[in-house]
There are 2 protein chains.
Amino acid sequence: MVSKQYKEMLSGKSVIRQLSEFATKRGLEIGYENVFDYSLGNPSVPCPIEFTHTMMDLLKEKSSGELHGYSPSLGNPDFKEAVAKSLEKRFKIPYEAEHIFPATGAAGAIAHAVRAVTSPGDEFIIFAPFFPEYRPYLTLAGLNLKICPPDTSQFQIDFEAFETLLSPNVTAILLNSPNNPTGVIYSKETIERLATILREKSIEYGHSIYIISDEPYREIIFSNVENPCISKFYDNTLVCYSFSKSISLPGERIGYIAVNPSAEDAKILCPIFSQISRGIGHNCPPSIIQQAVAKVLDSTSDLAVYEKNMNLIYQTLIDLNFQVVKPHGTFYIFPKAMEENANSFCEKAKAYDLILVPGDSFGCPGYFRMAYCIETEKVERSLLALRKFVETEYPKDSII
Amino acid sequence: MVSKQYKEMLSGKSVIRQLSEFATKRGLEIGYENVFDYSLGNPSVPCPIEFTHTMMDLLKEKSSGELHGYSPSLGNPDFKEAVAKSLEKRFKIPYEAEHIFPATGAAGAIAHAVRAVTSPGDEFIIFAPFFPEYRPYLTLAGLNLKICPPDTSQFQIDFEAFETLLSPNVTAILLNSPNNPTGVIYSKETIERLATILREKSIEYGHSIYIISDEPYREIIFSNVENPCISKFYDNTLVCYSFSKSISLPGERIGYIAVNPSAEDAKILCPIFSQISRGIGHNCPPSIIQQAVAKVLDSTSDLAVYEKNMNLIYQTLIDLNFQVVKPHGTFYIFPKAMEENANSFCEKAKAYDLILVPGDSFGCPGYFRMAYCIETEKVERSLLALRKFVETEYPKDSII
């Protein structure tokens, strides 16, 4: 008997994926170079050349057993050591290898982190707007999802709304800064205030509340913006990191969980993650990729293109009178649509070969996301289309 | 709050892993070459050289985006196509790409397969002796595990016991042939009888019962033994396959589920697997490994060494009066211990630097497993130690 729960999910197809498929199909008609496809967050810049060279060296120099044998269930020791050292140096937090758990990208990391510090039936808070996949990630771990409505003025946190959601049943919350879809980074003030509330509530409820901090965009920060390290503000923090965006390896499934050494359960969390692996069929990221990434840990792809794209798009959006918060990083921007219904707005944009994603599935209706991890030349052409779209469909006199 | 369920699991450490750690530690004292370590099923032969060459060619020829970008959520189309064609040719079953779901090894495959065709609370039958990890794999998917006791005469199926376990709450069973730990293959007669019972019971209960067929040892078959293809006998079969053993890539996490095209839900099972992935943090096996394996699909490592090792060990066991079923494949053998308590037997063997795994965690007390995926030269030396161990600890007169 096929599982009812999963069968029902088949009808709820991802909007992002549907739009991406539409873009591909349209590309077959008019050439993909003419489709302004802002749907997917798939990095456009190549991985660092050091990664490719390291892979080749490993294939030449190491024996098959050393290279392709089982990783220990807690992960490749060199990878863990290298990550811990790099984080310690950078953030001045005394990470050691025992605090690092290699995972198959951020999705794998989150699957472990949430199961480790919650139990099925617990309440779990996420903040709108959010990456739509958080919904299945968390509900399928048996959690009772509570969504904190967006602060659309600056895309920080609506603390009033947040405090009404807190209850003794809340055991963890998930943060994503730099944020997908807004590109915004939580300020020091936001994180401090959040940490204070969580500490107070942990005492009041008699149990810890963990922060799961999803940080795949940590390396994509724009000029003159500070990215406060959440773990420095709150002990019970599990960082979920992925190399998908920083070194453009999304298909190779490599990331990790970094357990804050000051977390209440710091000593046992990695062993607990490896127990969770047994239930969900995880078995460490690929061995050769762990070994290669360990050697190029502090390299990044050439990420400057994303800021260049952002500035071009942001300026045009402002010129066209969009309401938009300027991104601090990532390769996303999240403007307010020119009409109340962002679905209708994005549907109309298709006629101009602009593929924009409505904000509804991100928990923020009325807005739309552009993933500008595409070539700058294409961004430039797309902005002409955007101008034409807005001027035709939403002439100035019609906007209040 | 750290999850109670997983915290409790920390105390139940895997016996295999403990013995492997003991072997490593002992190796530091006397040289690992002198420890006869039969604990782990980690392939000893290198991967086919074609795999290494293909990896290098891909790194040289393909762009970073093509090579390392996200795989589609249903898997790399070339990999799916290549697997389907190879299976069709070999087993004369009309597999197409839509029936193949790439997974991170057999563990990843099983995690998807069981969730797709059962619901939490269902009863699920496995057959002793079994790979100990099946227990966490299945219970953590919320299943109510029913263990069919072993047929120790031939390690086929005790059908009388099996039929008493069947009930309308049983929605799937798991088979593992060639079997870990016995090395035995289920005969045509066994599979036919099992299929007949399952078909009858499916009608009686008014719902299908799926076979999940875990086949990582499919390519390691010894001379003159036939390995009947379970999918040819029973439509509702999901094959879970891994390349870990056949091409010695256990660390790279590559395998697949092959949905029998005649299965009741054949058209929707792969889409359902991809929904399950969202909940358990799976996101396709590594992209470069999918691409490389697609090109060397029908290569295997040089597997002949395993048969050579088996024959040496089997002959000595018979000489020493062990009760043992001759393996048909794999790199395992599962003799009866020389005393009732296999734990005590294996503990005593340690003094002879023989690392043997007691059968209790495999659901078959009184027996022990030897994983002979080690060098033949070491096997030869180990058999002298085995002879000495048995002759000293269990002198002939003392055995009934």
### Task
Note down all Cβ pairs under 7 Å where the first residue falls in region A:101-112 and is more than 7 Å from every other protein chain (Cβ to nearest Cβ), the second is of a type in the set (D, E, K, R) and not in a helix (DSSP H, G or I), and they're at least six residues apart or on different chains.
A:ALA106/A:ASP214
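Pick out the one residue from B:LYS80, B:LYS7, B:LYS60 that is part of a helix (DSSP H, G or I), within 14 Å of another protein chain (Cβ to nearest Cβ), surrounded by 15 or more Cβ atoms within 10 Å (Cβ to Cβ) and among the basic types (Lys, Arg). Walk me through how you get there before you give the answer.
Values: B:LYS80 fails: within 14 Å of another protein chain (Cβ to nearest Cβ); B:LYS60 fails: surrounded by 15 or more Cβ atoms within 10 Å (Cβ to Cβ).
The conditions single out B:LYS7.
Give region A:27-49 a look and list any residue that's of a type in the set (A, V, I, L, M, F, W, C), in contact with a strand residue (DSSP E or B) (Cβ under 8 Å, 6 or more places away or on another chain) and within 10 Å of chain B (Cβ to nearest Cβ), or say none.
If we filter region A:27-49 for residues that are of a type in the set (A, V, I, L, M, F, W, C), which is where we start, we get A:28, A:30, A:35-36, A:40, A:45, A:47, A:49.
Filter once more, so that each one left must be in contact with a strand residue (DSSP E or B) (Cβ under 8 Å, 6 or more places away or on another chain): A:35-36, A:40.
Matches in region A:27-49: A:LEU40 only.
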### Task
Go through A:THR164, A:THR104, A:THR118 for me and flag whichever is surrounded by fewer than 15 Cβ atoms within 10 Å (Cβ to Cβ) and in the same structural domain as A:SER242 (by TED's automatic domain parsing).
A:THR164
## Note on the structure
Exception for A:SER213 within (1) touching a residue at least 24 places away in the same chain (Cβ under 8 Å); (2) within 14 Å of chain B (Cβ to nearest Cβ) falls at (2)
### Task
Residue by residue through region B:354-373, note down the ones that are in a loop (DSSP other than H, G, I, E, B) and surrounded by 23 or more Cβ atoms within 10 Å (Cβ to Cβ).
B:LEU356, B:CYS364, B:TYR372
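Based on this model, can you work out whether A:ILE272 counts as among the β-branched types (Val, Ile, Thr) and more than 7 Å from chain B (Cβ to nearest Cβ)? Break it down stepwise before answering.
Details: among the β-branched types (Val, Ile, Thr): yes; more than 7 Å from chain B (Cβ to nearest Cβ): no.
The answer is no for A:ILE272.
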### Task
Looking for whichever is surrounded by fewer than 21 Cβ atoms within 10 Å (Cβ to Cβ), touching a helix residue (DSSP H, G or I) at 6+ places or on another chain (Cβ under 8 Å), free of Cβ contacts under 8 Å to residues at least 60 places away in the same chain and at the interface with chain A (Cβ under 9 Å from one of its Cβ atoms) here; the options are B:THR24, B:THR52. Which one fits?
B:THR52
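The values are calculated or read from the model by the stated rules, or taken from the named source; none is laboratory data. All of these numbers come straight from a predicted model, not from anything done at the bench. Note that we place each Cβ from the backbone using ideal geometry, even for glycine, and neighbour counts take in every protein chain shown.
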